[in-house]
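Working notes for the structure below.
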Amino acid sequence: MTNPIIAPSILAADFANIQREVEMLNASEADWIHVDIMDGVFVPNISFGIPVTKAIHKHAKKPLDVHLMIEKPENYVEAFVKAGAEIISVHYEACNHLHRNLQQLKALGCKAGVAINPHTNVQLLEDCIGDIDLVCLMSVNPGFGGQVFIENTYKKVRQLKEIITDANATTLIEIDGGVNQDNAPKLIAAGADVLVAGSFVFSSEDPIHTISKLKGV
């Protein structure tokens with residue numbers, strides 16, 4: 001079994017020292033940097049936007065994995081690609097024409113991801129799974145960091161893995177929310193490929209060691 005891709009969420013970082021935090025991630029075993037964008041409409045919180053993403057990219061030596069928790073993502077994805085995003089996930093619940101959104105992302109030259117909320121059934125992705133590079137399963141309700149992991153996520157990972165396998169697709173499964181040392185091995189065993197960890201990494205005494213432990217799951 002290969003080691004998981006680790007994508008620490010910069011949302012939990014110290015924004016007064018963002019360059020230092022990004023350089024810490026550069027020096028760690030993290031594979032990607034997860035960037036959460038919230039608009040206060042799709043989710044009940046506002047994070048940051050294109051200028052901050054650009055600033056993160058300026059210092060980052062790892063790919064930016066941008067998670068758009070926003071309405072009408074099609075209006076903003078081009079700007080995020082220009083700001084340095086290599087992977088962009090749009091929310092299934094925010095896209096009336098998901099296939100068109102995926103084609104737009106691919107045409108812009110970035111990996112096309114789809115994020116789904118805890119209440120959304122993974123079967124809804126069956127028809128376009130071959131066009132999706134990454135499915136981001138929310139294992140907490142989107143909007144705020146530091147929430148408790150939703151146990152039903154393991155079942156969703158197994159169901160999604162079955163859909164991917166049946167379609168002979170290469171889609172990666174990403175888990176976002178409440179990931180820690182205890183649930184990480186079970187998520188990987190269920191079929192997850194990418195682990196997003198925010199407060200678990202940035203609140204730890206030694207974030208580089210914490211990332212290393214997650215990587216070795």
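The values are calculated or read from the model by the stated rules, or taken from the named source; none is laboratory data. Since this is a predicted model, take the numbers as computed values, not measurements. Glycine also receives a Cβ, built like all others from the backbone with ideal geometry; neighbour counts cover every protein chain displayed.
Structural remarks
- Answer from 29, 23 - the residue that is surrounded by fewer than 20 Cβ atoms within 10 Å (Cβ to Cβ) and touching a strand residue (DSSP E or B) at 6+ places or on another chain (Cβ under 7 Å): 29
- Filtered residues of the stretch 11-35 (kept if without any contact (Cβ under 8 Å) to a residue 60 or more places away in the chain and in contact with a helix residue (DSSP H, G or I) (Cβ under 7 Å, 6 or more places away or on another chain)): 18, 19, 22, 23, 33, 35
- Condition check for residue 148: over 18 Å from residue 90 (Cβ atoms) and among the aliphatic types (A, V, I, L, M): yes
- Of all the residues in the stretch 56-109, those that are touching a residue at least 40 places away in the same chain (Cβ under 8 Å), assigned to a helix (DSSP H, G or I) and crowded, with 20+ Cβ neighbours inside 10 Å number 3.
- Residue among 177, 113 that alone is on the phi < 0 side of the Ramachandran plot, within 15 Å of the chain's Cα centre (by Cα) and buried (at least 22 other Cβ atoms within 10 Å of the Cβ): 113
- Within the stretch 36-46, the set of residues being buried (at least 21 other Cβ atoms within 10 Å of the Cβ) and in contact with a helix residue (DSSP H, G or I) (Cβ under 6 Å, 6 or more places away or on another chain) comprises 36 only.
Table: residues versus (1) under 19 Å from residue 196 (Cα atoms); (2) modelled with pLDDT under 95; (3) of a type outside the set (A, V, I, L, M, F, W, C); (4) under 17 Å from the mean Cα position of the chain (by Cα).
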position	(1), (2), (3), (4)
14	yes, yes, yes, no
19	no, no, yes, no
26	yes, no, yes, no
34	yes, no, yes, yes
53	yes, no, yes, yes
79	no, no, no, no
85	yes, no, no, yes
89	yes, no, yes, yes
94	no, no, no, yes
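- Test: residue in the stretch 1-20 that is in a helix (DSSP H, G or I) and buried (at least 22 other Cβ atoms within 10 Å of the Cβ): yes
- First in the stretch 157-173 and over 16 Å from residue 137 (Cα atoms), second anywhere and assigned to a helix (DSSP H, G or I) and small (Gly, Ala, Ser), Cβ under 6 Å, 6 or more apart: 167/130; 169/130
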